[in-house]
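Comments concern the structure below.
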Amino acid sequence: MSSQHSIPTVDRVSVLPDSVICHILSFLPTKESAATSILSKRWNPLWLSVLTLDFDDQNFTEFSTFRHFVYSVIALRNITLQTIQSFRLKCGNSSGFNPHDVKRFIHAIFQRGIQNLNLEMSPFKLGFKLPHCVFSCSNLTALKLKGLAIDYSCDFNFPLLKTLHLYTISFGRDRDCFLRLLKGCPILEDLETKDLLLHSSNSTGMYVSLFNVVSVNILN
């Protein structure tokens, strides 16, 4: 009878350099990335060095729990880390949604520095206006917004922005706001829009379409 030999298991992932593991974790939602901290002491701090943050309140019953998680992640991150490459925030599904907390999230992230912002309000919250700090961020290279409002009084300054995607966005009553936004993006290459809206000036309070669908690749 032949003897059986056990094959030793080797954890090949944990021996990878920190930078490689952080790159792997950057493809996960932040909630799942945080869960890897329980694997071992080696993994415990690595998720806090990931330069891509992805938050979605869909899996949180209460917005208060989601809020605590987002604040905790931002507070625990080392402030000496380099600029955040990407910040994605999708919220509006959980009970007790608070737009003021969303604005605080955005302010906190922009204080750390950010290159790509992807913000989606679901379901659409056209009364939610982005804080002004977003529209004067000189580091942004990509901005993707869905289901919210842009304050027409903003001054737009995106010297590095190359990608701009706008879906179901309200520009208040200012028809020129969208054009001023484009003028603030001197090196824009990729523009996608759908359902850009203006607030009706009549008493119905309805929205009217400014543009339906636009997709443009701009060659400099």
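The values are calculated or read from the model by the stated rules, or taken from the named source; none is laboratory data. Here the structure is a predicted model, which is why all the values come from computation and not from measurement. Neighbour counts are summed over all protein chains in view; Cβ atoms, including those assigned to glycine, are modelled from backbone coordinates with ideal geometry. The protein model used for the area step is the full one, side chains on, heavy atoms only, and it has no ligands, DNA or RNA in it. Shrake-Rupley method; radii C 1.70, N 1.55, O 1.52, S 1.80 Å.
Data overview
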| item | result |
| --- | --- |
| Inter-label distance, nm, simple model (7 Å from Cα along the C-beta direction), Ala35/Arg104 | 2.7 |
| FRET efficiency for His23 and Asp176, using Cβ-Cβ distance with R0 set to 30 Å, rounded to 0.05 | 0.10 |
| Normalised contact order of the stretch 17-74, rounded percent, pairs of Cα under 8 Å and 6 or more residues apart | 32 |
| For His165, distant residues with modelled amide H under 5 Å away | Leu143, Lys144, Leu145, Glu192 |
| Pair Lys183, Val15: separation of 7 Å Cα→Cβ label points (nm) | 6.1 |
| Portion, in percent, of the accessible area of the stretch 40-191 that falls on carbon or sulfur, probe 1.4 Å | 48 |
| For the stretch 102-181, accessible area per residue (1.4 Å probe, heavy atoms of protein chains only), Å² | 41 |
| Sites Ser95 and Asn44, calculated FRET efficiency, Cβ-Cβ separation with R0 35 Å, nearest 0.05 | 0.65 |
| Over 20 Å (Cα to Cα) - which of Lys125/Lys146; Lys90/Lys125; Lys129/Lys162; Lys90/Lys194; Lys103/Lys194 fall in this group | Lys129/Lys162; Lys103/Lys194 |
| Virtual spin-label span in nm between Glu192 and Gln115, 7 Å along Cα→Cβ | 2.0 |
